[in-house]
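Take a look at the structure set out below.
Values quoted throughout were computed directly from the atomic coordinates according to the rules given, and no laboratory measurement underlies them. No experiment lies behind these values; they were computed from the predicted model shown. Glycine also receives a Cβ, built like all others from the backbone with ideal geometry; neighbour counts cover every protein chain displayed.
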Amino acid sequence: MKFVQLTEEKSIAFVSLNRPELRNAFNPEMIAEIQGTFKQLSTRQDLRAIVLKGEGKAFCAGGDLNWMKDMVKYTSEENKEDANRLFEMFEAIYHCHVPVIGVVHGAVFGGALGLVACCDYVICEDKTQFCFSEVKLGIAPAVISAFVLKKCSLGKIGHLMLTAQVFTAKEAKSAGLAHEICDEEALQDRVEVALSWMREVGPEAIRATKSLIHRLPDLEWIQAKEESAETISERRVSAEGQEGLKSFLEKRKPKWRSAE
């Protein structure tokens, strides 16, 4: 059985976590499948967006209990190797060249918050519950912290990591983890609206923008200046950039929209 389902429709890839009977909890096999799926999708030039969602009643409940039982027996070195594999899974999503839309519902606990943090746009069902549950188990939200703190300020999210309190979709949006909240009936419609936005923009331009905004916060000021100038220069002289500017001036649709 595959723990990740992949389907495609009209240049959109749908990645579904597929362990509904266990609320899509992680195990090593699922982690490897998620990483492999996003690495492969990142190479695809034809994709406009990726939708990440969970099958069943919850988006993801974090770590699988059987996996946690095995962890108790791990040596320090084995735990480091295990943590590195988990980090690399999140990296594959975060650094994916294709924009990732997260669609979350039910429960988003523990490591699942790392998945949410790696998404570029997150649509959340209004009854979803969130929790950094690690400290209740005597461990820490260590692996996901690097990704969560890329998206959220410490002042907005730190207390939730320290207390393991359950928080709401509204609080997740306030913290910066989620971008849009709707009821269950409207969830699919909101996904379609977000995908329509992705189809409006230049496919190369959105990838270049994603790459730039991920790199800039880590650069020195002079490096940021150079990277910014290099990116806009490349985009302006590119075939897509030329087409976009000409279509705007000529008051017509660019070719990437006309072709749809």
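Between Q165 and L245, the distance separating the two model label sites (each 7 Å from Cα on the Cα→Cβ line) works out to 5.2 nm. Take the Cα coordinates of region 114-187, assign each an equal point scatterer, and use the Debye formula without solvent to give log10 I(q)/I(0) at q = 0.11, 0.12 Å⁻¹. So the normalised log intensities work out to -0.26, -0.30.
Put simply, the amide H of S133, placed in the peptide plane, has neighbours under 5 Å in G110, leaving out anything fewer than 5 places away on its chain. Taking 0.36 nm per residue of sequence separation and removing the Cα-Cα distance, the E91/K156 pair yields an extension gain of 21.1 nm. Under 5 Å from the amide H of V51 lie the amide H atoms of A13, F14, V15, I101, each residue being 5 or more positions distant or on a separate chain, with H modelled from the backbone and absent for Pro and chain starts.
Note on K246: lysines with a C-alpha under 25 Å away, same-chain residues under 8 apart excluded, are K210, K255. Classify region 172-260 as rounded, prolate or oblate from the Cα gyration tensor: take a ≥ b ≥ c as the square roots of its eigenvalues, call it rounded if a/c is under 1.5, otherwise prolate when a/b beats b/c and oblate if not. It comes out oblate by the Cα gyration axes. Projecting label points 7 angstrom from Cα along Cα→Cβ for A142 and Q45 puts them 4.2 nm apart. Each residue, D70 and S228, gets one label point 7 Å from its Cα in the Cβ direction; the gap between the two is 4.7 nm. When all alpha carbon pairs of region 4-77 are counted in 5 Å bins from zero, the resulting P(r) reads 4, 15, 22, 20, 15, 11, 7, 4, 2, 0 %. Under a Gaussian network description of the chain, with springs only between Cα atoms under 10 Å, the residue in P141, P28, P203 that fluctuates furthest is P28. Diffusion coefficient (Stokes-Einstein, Kirkwood radius over C-alpha pairs, 20 °C, 1.002 mPa s) for the chain: 110 µm²/s, rounded to a whole number.
Rounded to the nearest 500, the helix-only mean residue ellipticity at 222 nm of the chain stands at -15500 deg cm²/dmol, with each DSSP H run of n ≥ 4 adding -39,500 (n - 2.57).
For the options N27, N84, N18, a Gaussian network treatment of the chain with springs between C-alpha atoms closer than 10 Å singles out N84 as fluctuating the most. Across region 92-99, rounded Karplus estimates of 3J(HN,Hα) from the backbone phi angles (6.51 cos²θ - 1.76 cosθ + 1.60, θ = phi - 60°) give 4, 6, 4, 8, 4, 5, 8, x Hz, Gly and Pro being marked x. Given axes a ≥ b ≥ c from the Cα gyration tensor, I'd like to know whether region 46-104 is rounded (a/c under 1.5), prolate (a/b larger than b/c) or oblate. Oblate shape, in that a/c is at least 1.5 and b/c is the bigger or equal ratio. Taking a straight line from the alpha carbon of K2, these lysines sit under 16 Å away, with near neighbours fewer than eight places off in the same chain left out: K53. Here, region 150-199 yields an orientationally averaged convex hull projection of 4.4 nm² when only Cα atoms define the hull. Within the listed set G106, G155, G36, the Gaussian network model of the chain (springs between alpha-carbon atoms below 10 Å) gives the highest mean-square fluctuation for G155. Beta bridges assigned by DSSP with both partners in the chain are antiparallel in approximately 30 percent of cases. With the gyration tensor restricted to C-alpha atoms of region 1-149, the semi-axes of the equivalent ellipsoid amount to 24, 17, 14 Å, longest first. What the Kirkwood sum gives for region 98-150 is a hydrodynamic radius of 11.6 Å, with every pair of different alpha carbons counted. Here, region 122-232 is characterised by an Rg to Rh ratio of 1.05, where Rg is the alpha-carbon radius of gyration and Rh the Kirkwood radius.
Straight Cα distances below 16 angstrom link K173 to the lysines K127, K150, K151, K156, with same-chain residues fewer than 8 positions distant left out.
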